[in-house]
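K.L.:
I am attaching a structure below and will ask some questions about it afterwards.
The values are calculated or read from the model by the stated rules, or taken from the named source; none is laboratory data. This is a predicted model, so every value here is computed, not measured. Glycine also receives a Cβ, built like all others from the backbone with ideal geometry; neighbour counts cover every protein chain displayed. To get the accessible areas, we keep the full protein, side chains included, count just its heavy atoms, and leave off ligands, DNA and RNA. Shrake-Rupley method; radii C 1.70, N 1.55, O 1.52, S 1.80 Å.
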Amino acid sequence: VAEIFNLVAHDIGRPIDAFAHSLDHPELVDDLGRVLRTGQPVERELRDVRGKALFLRVLPYRVRGTVEGVVLTLIDVSGLRAAEDALFHERYLLNSLLLSARDAIYFKDARGRFIRANPAMAARLGLADPAEAVGKTAFDLPDQELALALHREDEAVMRSGEPQHDRRERRLGGGQGWDLVTRLPLRDRQDRIVGVIVILRDVTAQKLAEEKTQEAVRRRDQFLAMLSHELRNPLGAMVTATAMLKTGGTDRLDRGHLLEILDRQSQQMARLLDDLLEASRVTQNKIDLRRGVVDLAAVAADAADAMRSQMDAHGIHFTTRIDDRPLPVDGDPARLQQIQVNLLSNAVKYTPRDGHVALEVDREGSEAVIRVRDDGVGIPSNMLDSIFELFVQSSRTLDRAGGGLGLGLTLVRSLVTMHGGRVSAHSDGEGRGSEFVVRLPLAAVIATTPPAVGEPMPLPAGAATIVVVEDNGDSREMLCEILRTAGFECHGADTGAAGLALMERIRPDVVILDVGLPEMDGFEIARLIRRSSTFASVYLIALTGYGQAADRAASREAGFDVHLVKPVHAEQLLALLHRSPHRTSGTTAAVVASGDETR
């Protein structure tokens, strides 16, 4: 007090209001006067000019019952206030953490009673308010299964004193999902275990995503194994037929029959690869629909006609019921037919001989509805939701007489979605058949003409000399042999630069380029040709393994007149070379191709 009021010994007897003080309290004299007048003590917290926290107490001093003075006491409470502030902040931070955390968190004492629980944990325990858990044990809570499971684990941690950072997903409680649990022993200042802190993190979404990824990997591996099997089947027949042709085994089998086998199996391999590429393009929305308002009933009739011979070959009773009224749909007729053909092909694969397949196309309200039903092997109930996904297949026999990669339904769903429709599958179980239903929005009117498909420009005719530039020797030789057999004179080169030099010497009228040549690709060669006045009239054909809309657009931009996608059948190429008149009277054609390009 002497320090605060700057007192010395001879100050005794002077009035208090005559002294200066370092308290941040101008009303100090008023407080003293109030105690003198009323006899009631005054207590208050205040600070001095340096910010130190002080507790002021002013008590009356009585002589024979009369207030004769006051007793002034100042207590330094700075340390106490600092500790209280620190404790307040710790509690505030803890409360903020518990209230905002998505994880379920609780504290227990050594007797298993809840000290604290956050709202997420209260909800887990079946409580409306976290305060309801305080003081209760696991036996007092609504969700006994969860509470007792937690209790056993908590006791184990308190007995061992070891933290449990349990990174295993474990199922806790009825249908509550998967939790990741962390337990920490709660210790006092003497390092005695007085409880446990538990954090439960819901990892259900991550667990389901992991399971879905694992299932997708399993399907992928299954698909790749099936793809290998499917490609080896025609490849094995082709290898055997080729060996017989090489060793003179045609005495037992007609040479023409072996050639038919080679042709049929090569077409089967091409179809498998086309299916795979088609699925990739459609699922990535890389297909441009040639849309127009078309009659779905007419498209359905064409699809039925296309599948009838396949139904007969498998001994399946095939029936159709197509609405007599027009069913106008805004879509691509080729893709709409593909939807129905794929559904019917799927039915053929899974319907035994003497089974039944039905195609029904009708109008329901504002929608056109396609139904394909069969009485085949059916679909297990656990696969109905995933049957349209990539790499998913129903049960298949070892003989795999149906063939194919099982991509048809994936294509169906993607194409239906692109047309603004939806598709669903129904089955009463294995062995009880299945039904696929496609719903497409009806359009207002039917177009009087189908959408333009686009024809290649007419090729020059009368070409007698062809140059093939191909870095794969076998492909180059076989292509030249086909062209020579058809009456053309054929020369070969193995690089784009050699091909250009050959073209300078021969001055061709037709050039067929592949975009996959090494060093100088086909696009670059095409641009060089188009910039040269020497080759102004040359007709350019792209022969490539890339057939998406972007690839065709790139071909047009580079100067190509026609874009052909590998594999091109000899009949298709020869028909293209023979059918149209020359731009000029020249008789030379050049073919630049590369056989190493795949996709």
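K.L.:
Extending each Cα 7 Å along its Cβ direction at ARG91 and HIS25, get the distance between those two points in nm, one decimal.
P.N.:
A separation of 2.5 nm, rounded to one decimal place.
K.L.:
In the neighborhood of GLY433, defined by Cβ-to-Cβ distances under 11 Å, what is the net charge if each Lys or Arg adds +1 and each Asp or Glu adds -1?
P.N.:
-3
K.L.:
Let me ask something else about it. Report the trypsin sites (Lys or Arg not before Pro) located in the stretch 77-139 that are in a DSSP loop and have at most 13 other Cβ atoms inside 10 Å of their Cβ, or state none.
P.N.:
ARG102, ARG111
K.L.:
I'd like to compare 307-315, 294-302: which one has the highest average count of other Cβ atoms within 10 Å, and what's the full order after that?
P.N.:
Top to bottom by mean Cβ count within 10 Å: 294-302, 307-315.
K.L.:
Here is a follow-up. First select every other residue whose beta carbon is under 13 angstrom from the beta carbon of SER78; then total the charges, Lys and Arg +1, Asp and Glu -1.
P.N.:
Numbers: positive: ARG47, ARG50, LYS52, ARG81; negative: GLU45, ASP48, ASP76, GLU84, ASP85.
Around SER78, the surrounding residues sum to -1.
K.L.:
Something else now. Residue separation times 0.36 nm, minus the C-alpha to C-alpha distance between VAL239 and LEU528: what's the value?
P.N.:
99.9 nm
K.L.:
Show me the trypsin sites (Lys or Arg not before Pro) within the stretch 330-395 that DSSP assigns to loop and that have at most 11 other Cβ atoms within 10 Å of their Cβ.
P.N.:
When the trypsin sites (Lys or Arg not before Pro) of the stretch 330-395 are filtered for loop state and at most 11 Cβ neighbours within 10 Å, ARG353 remain.
K.L.:
Leaving out ligands, DNA and RNA, and with a 1.4 Å probe, what % of the accessible surface on the stretch 299-397 is carbon or sulfur?
P.N.:
It is 48 percent, rounded to a whole number.
K.L.:
If you don't mind, another one. For a quick check of your reading of the filter: which GluC sites (Glu not before Pro) in the stretch 494-538 sit in a DSSP loop and have no more than 12 other Cβ atoms within 10 Å?
P.N.:
Counting only loop positions with at most 12 other Cβ atoms within 10 Å, the GluC sites (Glu not before Pro) in the stretch 494-538 are GLU519.
K.L.:
A further question follows. So how far apart, in nm, are the two label points at GLN214 and SER381 if each is 7 Å from Cα heading toward Cβ?
P.N.:
Each label point lies 7 Å from its Cα, and together they span 2.4 nm.
K.L.:
With label points built 7 Å along Cα→Cβ from the Cα atoms of ASP76 and ALA486, find their separation and express it in nm.
P.N.:
Reported label-point gap for ASP76 and ALA486 is 10.8 nm.
K.L.:
In addition: If the only charges are +1 at each Lys and Arg Cβ and -1 at each Asp and Glu Cβ, what is the size of the charge dipole of the stretch 476-525 around the Cα centre, to the nearest 20 debye?
P.N.:
Numbers: 4 positive and 10 negative charges, 44 e Å.
My answer is approximately 200 debye.
K.L.:
Which residues does a label at ASP129 reach in the stretch 85-111, if reach means a backbone N under 16 Å from a point 7 Å past the Cα toward the Cβ?
P.N.:
Under cut-off, by backbone N: nothing.
K.L.:
To continue, here is another question. For the stretch 528-577, give the percent of accessible area contributed by carbon and sulfur heavy atoms, probe 1.4 Å, rounded to a whole number.
P.N.:
After summing per-atom areas, the C and S share lands at 53 percent.
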